[in-house]
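Input: a single structure, listed below in structure tokens.
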Amino acid sequence: MSQPPRPAPGRSVTVRVPAKVNVQLSVGPRRPDGFHDLANVFLAVGIHDRVTATTAPDGQGPGISCSGPGSEHVPLDGRNLAVRAAELLAAHHGFVPDVHLHIDKDIPVAGGMAGGSADAAGALLACDTLWGTRTPRADLLELCARLGSDVPFSLVGGAALGEGRGERLTELPVGGTFHWVFAPADGGLGTPEVYRECDRLRGAAAVPEPAADPALLAALRAGDTAGLAAALANDLQPAALSLRPDLAATLAAGLAAGAPAGLVSGSGPTCAFLAPDAEAAAGIAATLVANGVSPRARATAGPVPGATTIESHA
């Protein structure tokens, strides 16, 4: 394989990439390929991983390391989506990926907030910048979709409707800032496991085709917290609660602490609570920590931008 103009040894690029919450996750019938059509309304929120790509010696990439909460559960081999992203981008341009990736985790691992997808999008952007390959945005998004259903949104950020498997994005207007509390749970839930449980619980029941809720889209557009609270929906929540019944107590505790609405984030097990404002969000998080429901509960807000280059060192 050929190589691009080689960056200086030790040159690095760091990309910040956000977590997401699904304010609506409508899951259609199981398709013949095993996936499900979705109407998936994403909102990027201010909890971030950082992915740093550094030039590696010839023949010594891609390598990967990881630090931060839950990093001991992150695979450090070809199973990692960030490694696969570097390999895919290099193959797209026809060269060997001599790069080392370091992930600084803050997004909960296996928490239903797209941490692995975020790392893949971060690796794509970091490597594209490091290598100077200037991949067109449309091509980056196509590579993202090949890596996973949530990866394109991690690159785009903001708010978007994901259709198909979630990878076909339509960016959505948002009229204000929404304040959130995220309550991570110990242990993780695998997304395929949750979808299988969703199918099991549905049995032979007829499942409608998924569609975005007009009331929810209107609430986003208007920056209407009360309207969004009334419209939050996650078709995977019954399956997540079936696999992790303890999450019901977390949801109840968040509502008791003053959240107008809460739901399981994506496939779980993190629970997300919408708050009226920043002060209320801080209070809800403090209550969940103080009463031992979620020692790592935290307040944040969204929408925020997608993958963004924040550092570049020669």
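Bear in mind these aren't lab numbers, they're just calculated from the coordinates by the rules spelled out. All values derive from a computational prediction rather than experimental measurement. Glycine gets a Cβ as well: all are built from the backbone with ideal geometry, and neighbour counts include every protein chain shown.
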What is the Cα convex hull volume of the chain when expressed per residue in Å³?
125 Å³
Dividing the Cα radius of gyration by the Kirkwood radius, what Rg/Rh value follows for the range 178-302?
0.99
Extended-chain gain in nm, criterion 0.36 nm per residue less alpha-carbon gap, Glu279 and Arg31:
84.9 nm
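Sort the following peptides by mean Cβ neighbour count (other Cβ atoms within 10 Å, averaged over residues), highest first: 23-31, 78-86.
78-86, 23-31
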Report the full-extension gain for the segment His73 to Asp139: residue separation times 0.36 nm, less the Cα-Cα distance, to one decimal in nm.
20.7 nm
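Calculated FRET efficiency, Arg202 and Ala252, Cβ-Cβ r, R0 25 Å, to nearest 0.05? Intermediate results must be reported in sequence, preceding the final value.
On the way: r = 25 Å, r/R0 = 0.99.
So the FRET efficiency works out to roughly 0.50.
Just the ratio, please: alpha-carbon radius of gyration of the range 12-172 over 2.2 N^0.38 Å, N its number of residues.
Output field value: 1.00.
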Over the Cα atoms of the range 235-314 the radius of gyration and the largest Cα-Cα distance (Dmax), both in Å, equal 15.0, 51
Counting only residues 5 or more apart in sequence or on a different chain, those whose built amide H sits under 5 Å from that of Phe178 are Gly302
Contour minus Cα-Cα span, Gln60 to Asp213, at 0.36 nm per residue, comes to 50.2 nm
With θ set to phi - 60°, apply the Karplus curve 6.51 cos²θ - 1.76 cosθ + 1.60 along the range 289-305 and write out the HN-Hα couplings as whole Hz, x wherever there is a Gly or Pro.
5, 5, 8, x, 5, 8, x, 10, 4, 8, 9, 7, 8, x, x, 10, x
Sequence of Leu201, Leu228 once ranked by neighbouring C-beta atoms within 10 Å, starting from the fewest
Leu201, Leu228
